[in-house]
Each structure stands twice: as structure tokens, then as C-alpha cells.
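Here you go, one structure.
Bear in mind these aren't lab numbers, they're just calculated from the coordinates by the rules spelled out. Just so it is clear, the model here is predicted, and its values are computed rather than measured. Here Cβ is always computed from backbone atoms with ideal geometry, including for glycine, and neighbour counts include all displayed protein chains.
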Amino acid sequence: MDATSWRLSPGDYRLFEECPACFWLKVRAGLARPPMFMPGIFQSIDHAMKREFAGRRTEDLLPHLPPGKLAYGSRFVTSRPLRLRRLPHIAFTLHGRVDAGVRFDNGEVGLVDFKTSGRSPQQLRHYTRQLHTYALALERPAEGEPRLSPVTRLGLLVYEPASFAFRQTNTAALTGAYTWIELPRDDCAFARFLTPLLAALAEPSQPPASASCAWCRYRRRSRDLALQGE
């Protein structure tokens, strides 16, 4: 397979950390795990947050940021083929879906991802890589894709429901605080993270499975049973 067809998304990064074999099968061989069920309530809250914040000024909502406006809604982004200095023979593209963008008054751009409930340090590392993906895709877009540059601020807008209120009119609401979590931009650290992922994809055969991967155990057991039945 031509390396230029290797498309990486934030979900692939987490998959690589869980199991390099599943990552290789998904990205290089096109054999993805079955999709996981996600409760619809989180998507509903996410959509409601995006509608409420769209077009608002940062001074009113996010005083930690420079003056600007949430001007860009949810959109898919794709980069042109990229290469790492350490692996110049491997080309790849980055793609994903941006929640929102901020156009600062000085012409710079910020990217915002909406989240519900608290975040662990491990999750913050994942979201940092996710937003770096979007930043690079917007600054180095594929032909015909939108370009926004420079992306100088990355962060999460985290909403944590804390109480439930109802009215006699058959309506109810979740209430709670929202918090801005700044995520520093570090393209060198992101490149270091991508290096082993791309090196694994360059191998002609899949890497060893993680010992804790239930999917790989299932595949091995299925093959063993099939061979026993022959």
C-alpha cells in the first residue's frame, strides 16, 4: 500500500496505545474494530454547547483568551501529505473533525474542543494530540480544504453537570460549571509521538498484539476454533 494513503485520525492514536496490532490492521489493512456504542446524551449536550457558544465573543465566555469571536463551527479537516524529519520516506495525512474555532482580533486562530465532565491527565494528553492534528490540518490543508493560520491557542471547554432542575411545564435542565483548559502547542512533541506509529505502519507485517487486547484474543481464539473444525 502506498504510504501516502495512510490517513491518521485522533482515534488511531488511542488505538496504537491500546494495541499496536489493532492499529496496524485498521490503518494499513483497513480492518477496523467494530464500532463501540456511545450514549446519545453526550452528543446531545455537545450539540447544545456548540449552538449556545456559536458567534459569541471570548470576552463574554472565555476571559482567559485574547479578544476574539467563536467564528468557525464544526467541520471536517484534512491535511496535505506530510513527512517527519526522522522518517522522510513515509508520507501520511491527518484528518478529523474540529468542534469550533476562534478568530482572534489580531488575526490569529484558536481551536476549541467541547467536552462533558472532568478529564484525567491521560485524557488530556490524548486531547492535546487531537487538537495538534486539527491545527496542522488547517495550517497545511489538502487541496480544496479550508486553511486557517496561524493556530496559536488550543484548549478544551469542559462542562460538568452538577445538578438537575425541573419545572411543572414538563421541562428540565442540567446545570453546572464550564471550564477552559489551555493545552500548550508543541509540534516537536507531537512529531515524537507520531514517530513510532509511522514506523509501525512501515513494517510489512503487523506488530505484536498487546497482552491486554481482548479483540486480539478473540481473533486468535476464533482462528483456533476454525482450524479445529477443519
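In terms of modelled amide H atoms, which long-range or inter-chain residues lie less than 5 Å from the amide H of Arg80?
The list, which skips near neighbours in sequence, is Ala142.
Just in the range 4-61: which chymotrypsin sites (Phe, Trp or Tyr not before Pro) are loop by DSSP and have at most 13 other Cβ atoms within 10 Å? Don't skip to the answer; put the middle values down first.
On the way: sites: Trp6, Tyr13, Phe16, Phe23, Trp24, Phe37, Phe42, Phe53; in loops: Trp6, Phe37.
Those satisfying the criteria are Phe37.
If I fit a long axis through the Cα atoms of helix 40-53 and take the longest principal axis of the Cα atoms of the chain, what angle between them do I get, 0 to 90°, rounded to 10?
Compared with the principal axis, the helix lies near 40 degrees.
Sticking with this one: At 7 Å along Cα-to-Cβ for each site, give me the label-to-label distance between Arg33 and Glu18 in nm.
0.2 nm
Report the calculated FRET efficiency for Arg192 and Ala142 (r = Cβ-Cβ distance, R0 = 22 Å), to the nearest 0.05. Kindly include the intermediate steps, with their values, before the conclusion.
Values: r = 24 Å, r/R0 = 1.09.
It comes to 0.35.
Here is a further query. Mean residue ellipticity at 222 nm from the helices of the chain, using -39,500 (n - 2.57) per DSSP H segment of n ≥ 4 over the full residue count, to the nearest 500 deg cm²/dmol? Walk me through the intermediate numbers first.
On the way: 7 runs with 86 residues, N = 230.
One gets -11500 deg cm²/dmol as the mean residue ellipticity at 222 nm.
Highest GNM mean-square fluctuation, the chain, Cα pairs closer than 10 Å: which of Leu87, Leu156, Leu201?
Per the Cα network of the chain with a 10 Å cutoff, Leu87 tops the list.
Convert each backbone phi in the range 200-212 into a coupling constant with the Karplus relation 6.51 cos²θ - 1.76 cosθ + 1.60 (shift: θ = phi - 60°), then list the ³J(HN,Hα) values in order as whole Hz, x for Gly and Pro.
For the range 200-212, the Karplus curve yields 5, 5, 6, 6, x, 10, 5, x, x, 6, 5, 4, 9 Hz.
Excluding Ser117 itself, calculate the net charge of residues whose Cβ lies under 14 Å from the Cβ of Ser117, where each Lys or Arg counts +1 and each Asp or Glu counts -1.
Numbers: positive: Lys115, Arg119; negative: Asp46, Asp113, Glu160.
Overall, the nearby charge balance is -1.
Please list 3J(HN,Hα) in residue order for the range 147-153, calculated via the Karplus relation 6.51 cos²θ - 1.76 cosθ + 1.60 where θ = phi - 60°; whole Hz, with x for glycine and proline.
After applying 6.51 cos²θ - 1.76 cosθ + 1.60, I find 10, 10, 7, x, 8, 10, 10 Hz.
While we're here: Of Phe166, His89, Thr179, which is farthest on the positive side of the dipole of the range 39-191, counting Cα position, with +1 on Lys and Arg Cβ, -1 on Asp and Glu Cβ, and the Cα centre as origin?
After comparing all options, I get His89.
What number, in percent, do you get for the relative contact order of the chain if the mean sequence gap of Cα pairs under 8 Å and at least 6 apart is divided by its residue count? Don't skip to the answer; put the middle values down first.
Details: 371 pairs, mean separation 48.0, N = 230.
That works out to 21 percent.
If I model a spin label at Thr179 and Arg125 as a point 7 Å from the Cα along the Cα→Cβ vector, what separation in nanometres do I get?
Inter-label distance under the simple model: 2.0 nm.
Now for a different question. Taking K and R as +1 and D and E as -1, what net charge do the other residues with C-beta under 14 Å from the C-beta of Ala142 add up to? Present the calculation step by step, with values, prior to reporting the outcome.
On the way: positive: Arg7, Arg75, Arg80, Arg140, Arg147; negative: Glu139, Glu143, Glu145.
Within the 14 Å Cβ shell, the charges total +2.
Still on this structure: Starting from the Cα-Cα distance between Gln228 and Ala202, subtract it from 0.36 nm times their residue separation and give me the gain in nm to one decimal.
Details: separation 26, 0.36 × 26 = 9.36 nm, distance 3.34 nm.
Difference between extended and current length: 6.0 nm.
Also: Could you work out the local net charge near His64, counting Lys and Arg as +1, Asp and Glu as -1, over the other residues with Cβ closer than 14 Å to its Cβ?
Around His64, the surrounding residues sum to -1.
Using C-alpha positions alone, give me the convex hull volume of the chain per residue in cubic angstrom. Please list the in-between numbers first.
Details: hull volume 40.3 nm³, N = 230.
Per residue, the Cα convex hull of the chain comes to 175 Å³.
Rounded to the nearest 0.05, what FRET efficiency do Ala54 and Arg85 give with R0 = 30 Å and r taken as the Cβ-Cβ distance? Could you check? Please report the intermediate quantities before stating the final value.
Working: r = 38 Å, r/R0 = 1.28.
Taking R0 as 30 Å, the efficiency between Ala54 and Arg85 is 0.20.
Which of the lysines could a cross-linker span from Lys69 if the Cα-Cα distance has to be under 29 Å and same-chain partners fewer than 8 positions apart are dropped?
Counting by Cα, and skipping residues close in sequence, Lys69 has these lysines nearby: Lys50, Lys115.
With loop defined by DSSP as not H, G, I, E or B, and exposure as at most 13 other Cβ atoms within 10 Å, which is the longest segment of the chain clear of exposed trypsin sites (Lys or Arg not before Pro)? Intermediate results must be reported in sequence, preceding the final value.
Values: sites that count: Arg85, Arg86, Arg147, Arg167.
Between the exposed loop sites, the longest stretch runs 1-84.
Can I ask one more? In the chain, which cysteines lack any other cysteine Cβ under 4.7 Å from their own?
Isolated Cys, the chain: Cys188.
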